[in-house]
1. If the Cβ limit is 7 Å and pairs must be 6+ apart or interchain, which residue in segment 16-34 that is touching a residue at least 60 places away in the same chain (Cβ under 8 Å) pairs with which residue that is surrounded by 13 or more Cβ atoms within 10 Å (Cβ to Cβ) and small (Gly, Ala, Ser)?
2. If you go through segment 3-26, how many residues are within 13 Å of the chain's Cα centre (by Cα) and either in a strand (DSSP E or B) or modelled with pLDDT of 95 or more (or both)?
3. Going through segment 43-77 one residue at a time, which ones are part of a helix (DSSP H, G or I) and closer than 18 Å to residue 5 by Cβ?
4. In this structure, is residue 42 among the aromatic types (Phe, Trp, Tyr), on the phi < 0 side of the Ramachandran plot and modelled with pLDDT under 95?
5. Of all residues being more than 25 Å from residue 91 (Cβ to Cβ), of a type outside the set (D, E, K, R) and touching a Lys or Arg at 6+ places or on another chain (Cβ under 6 Å) in segment 1-55, which is surrounded by the fewest Cβ atoms within 10 Å (Cβ to Cβ)? Just the residue, please.
6. Can you tell me how many residues in segment 22-60 are touching a strand residue (DSSP E or B) at 6+ places or on another chain (Cβ under 6 Å) and hydroxyl-bearing (Ser, Thr, Tyr)?
7. Which one of 69, 86 is at pLDDT 95 or above, touching a Gly at 6+ places or on another chain (Cβ under 9 Å) and either surrounded by 12 or more Cβ atoms within 10 Å (Cβ to Cβ) or closer than 30 Å to residue 9 by Cβ (or both)?
8. Checking the condition touching a Lys or Arg at 6+ places or on another chain (Cβ under 9 Å) and surrounded by 15 or more Cβ atoms within 10 Å (Cβ to Cβ), which residue from 63, 79 passes?
Amino acid sequence: MSSKYKINNPDGIYFISFATVGWIDVFTRKAYKDILVDSLEYCQKEKGLELYSWCIMSNHVHLIAKSKTGDLSGTLRDLKRHTSKTIIEAIKNHPQESRREWKSHSNCHLNHITD
């Protein structure tokens, strides 16, 4: 991985973007946005995440953030892992989820995330 994508200054403030697998429009449903917001709030309270600004788009997220603990990489790793597993479970359990086609299309990615 290139050093320009690493967090080199543990006390620095960073602009961070991450996207859904295949740029799938997951965050168009309020329930899935709420899962992400809950995860962000948890990381603020329990993991020392400082958010200066954030924006949830239909298929990606932008953050301006830093870590009070100096472990922004670890916090983001945990945030993305927990959020993706929770959203995937919510999609699987949603009786009226109309996105079965893209869910099955991305199944190899979903299985990788949930393993």
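The values are calculated or read from the model by the stated rules, or taken from the named source; none is laboratory data. Being a predicted model, the structure only gives us computed values, none of them experimental. For neighbour counting, all protein chains shown are included, and Cβ atoms are generated from backbone atoms with ideal geometry for every residue, glycine included.
1. 16/65; 21/106; 22/106; 24/106; 31/90
2. Adding up the residues that qualify gives 4.
3. 72, 73, 74, 75, 76, 77
4. On the way: among the aromatic types (Phe, Trp, Tyr): yes; on the phi < 0 side of the Ramachandran plot: yes; modelled with pLDDT under 95: no.
No: the conditions fail for residue 42.
5. Filtering first and then ranking leaves 13.
6. So the count comes out to 2.
7. That would be 69, the only listed residue that is at pLDDT 95 or above, touching a Gly at 6+ places or on another chain (Cβ under 9 Å) and either surrounded by 12 or more Cβ atoms within 10 Å (Cβ to Cβ) or closer than 30 Å to residue 9 by Cβ (or both).
8. 79
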